[in-house]
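Input: a single structure, listed below in structure tokens.
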């Protein structure tokens, strides 16, 4: 049994065959799926999907790339929905910063402001965070610590293999492992995976992105969590069914009362 803790089922690439995608996941033993928040304009579709499927849930949040659309009141309107189980994906992404030094700094500060606001939201409503970190590990770590995000904990989505983030395992955070672990150039993640406490491992796809080998170039979907689990079990030298049982227990722990 596997829960895909991060899949954008509300993406337009699933419009034509969403029910088939969900059915394939069920047939493969996927017993739950979580749609993260990213662009607020896509939140109504996430809610619609979650309401139509007993084992699908959603989170409210704004991705750093969508910071211009951030509206805390809009998120508050939906955070009490019975199928809303987390806040995010929120965080810092310095991959596409402006070249101009002043504009770069302004962009970083804007990202930090909405990141802090979403941490506060998670704490106010006692929901775990889904955290996006790309080329911003040190700043992200400092914010999570300074804002006492460990009060609610959460998931480091698509964990970037940064060693400094391992200390967050002691602060209630889990590590989302996805298709990247199967990539030939994922040496850092493969090397650091055994160093993550096993009771902090989770599985995700980030569908439709980051499709695992041997399907790179195709649309990703929750069914492929099985490929992620197989690679993780290989690296950790344990039977896949034991790995899946362990991760399922972790998923139930962070998302109390669900799955």
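Would you confirm, using the coordinates I've provided, whether residue 69 is touching a helix residue (DSSP H, G or I) at 6+ places or on another chain (Cβ under 6 Å), farther than 28 Å from residue 171 by Cβ, surrounded by fewer than 20 Cβ atoms within 10 Å (Cβ to Cβ) and at pLDDT 95 or above? I'd like the intermediate steps shown before the answer.
Details: touching a helix residue (DSSP H, G or I) at 6+ places or on another chain (Cβ under 6 Å): yes; farther than 28 Å from residue 171 by Cβ: yes; surrounded by fewer than 20 Cβ atoms within 10 Å (Cβ to Cβ): yes; at pLDDT 95 or above: yes.
Spelling it out, residue 69 is indeed touching a helix residue (DSSP H, G or I) at 6+ places or on another chain (Cβ under 6 Å), farther than 28 Å from residue 171 by Cβ, surrounded by fewer than 20 Cβ atoms within 10 Å (Cβ to Cβ) and at pLDDT 95 or above.
Among the listed residues 119, 130, which satisfies the condition of being outside any helix (DSSP H, G or I) and under 16 Å from the mean Cα position of the chain (by Cα)?
That would be 130, the only listed residue that is outside any helix (DSSP H, G or I) and under 16 Å from the mean Cα position of the chain (by Cα).
Please determine, by comparing only the residues of the range 11-29 that are touching a residue at least 40 places away in the same chain (Cβ under 8 Å) and in a loop (DSSP other than H, G, I, E, B), which one is nearest to residue 227 (Cα to Cα).
28
If only one of 88, 37, 32 is touching a helix residue (DSSP H, G or I) at 6+ places or on another chain (Cβ under 8 Å), assigned to a loop (DSSP other than H, G, I, E, B), modelled with pLDDT of 95 or more and closer than 17 Å to residue 155 by Cβ, which one is it? So that I can check it myself, show each step before the final result.
On the way: 88 fails: assigned to a loop (DSSP other than H, G, I, E, B); 32 fails: assigned to a loop (DSSP other than H, G, I, E, B).
Step by step, each of 88, 37, 32 is checked, and only 37 is touching a helix residue (DSSP H, G or I) at 6+ places or on another chain (Cβ under 8 Å), assigned to a loop (DSSP other than H, G, I, E, B), modelled with pLDDT of 95 or more and closer than 17 Å to residue 155 by Cβ.
Tell me, yes or no, whether the range 49-63 has at least one residue that is surrounded by 15 or more Cβ atoms within 10 Å (Cβ to Cβ), part of a helix (DSSP H, G or I), touching a residue at least 12 places away in the same chain (Cβ under 8 Å) and out of contact with any helix residue (DSSP H, G or I) (no Cβ under 9 Å at 6 or more places or on another chain). Write out each step before concluding.
From the range 49-63, those surrounded by 15 or more Cβ atoms within 10 Å (Cβ to Cβ) are 49-50, 53, 55-63; that's our starting set.
Subsequent filtering for residues that are part of a helix (DSSP H, G or I) retains 49-50.
Pick out the ones that are also touching a residue at least 12 places away in the same chain (Cβ under 8 Å) and you get 49-50.
Applying the additional criterion that residues be out of contact with any helix residue (DSSP H, G or I) (no Cβ under 9 Å at 6 or more places or on another chain) yields 50.
There is at least one residue in the range 49-63 that is surrounded by 15 or more Cβ atoms within 10 Å (Cβ to Cβ), part of a helix (DSSP H, G or I), touching a residue at least 12 places away in the same chain (Cβ under 8 Å) and out of contact with any helix residue (DSSP H, G or I) (no Cβ under 9 Å at 6 or more places or on another chain).
Under the condition of being farther than 22 Å from residue 74 by Cβ and either touching a residue at least 60 places away in the same chain (Cβ under 8 Å) or in contact with a strand residue (DSSP E or B) (Cβ under 8 Å, 6 or more places away or on another chain) (or both), which residue from the range 90-133 is surrounded by the most Cβ atoms within 10 Å (Cβ to Cβ)?
Among them, the one singled out is 133.
The values are calculated or read from the model by the stated rules, or taken from the named source; none is laboratory data. The model shown is predicted, which means the values in this text are computed figures rather than measured ones. Here the Cβ is made from the backbone with ideal geometry for all residues, glycine too, and neighbour counts use every protein chain on show.
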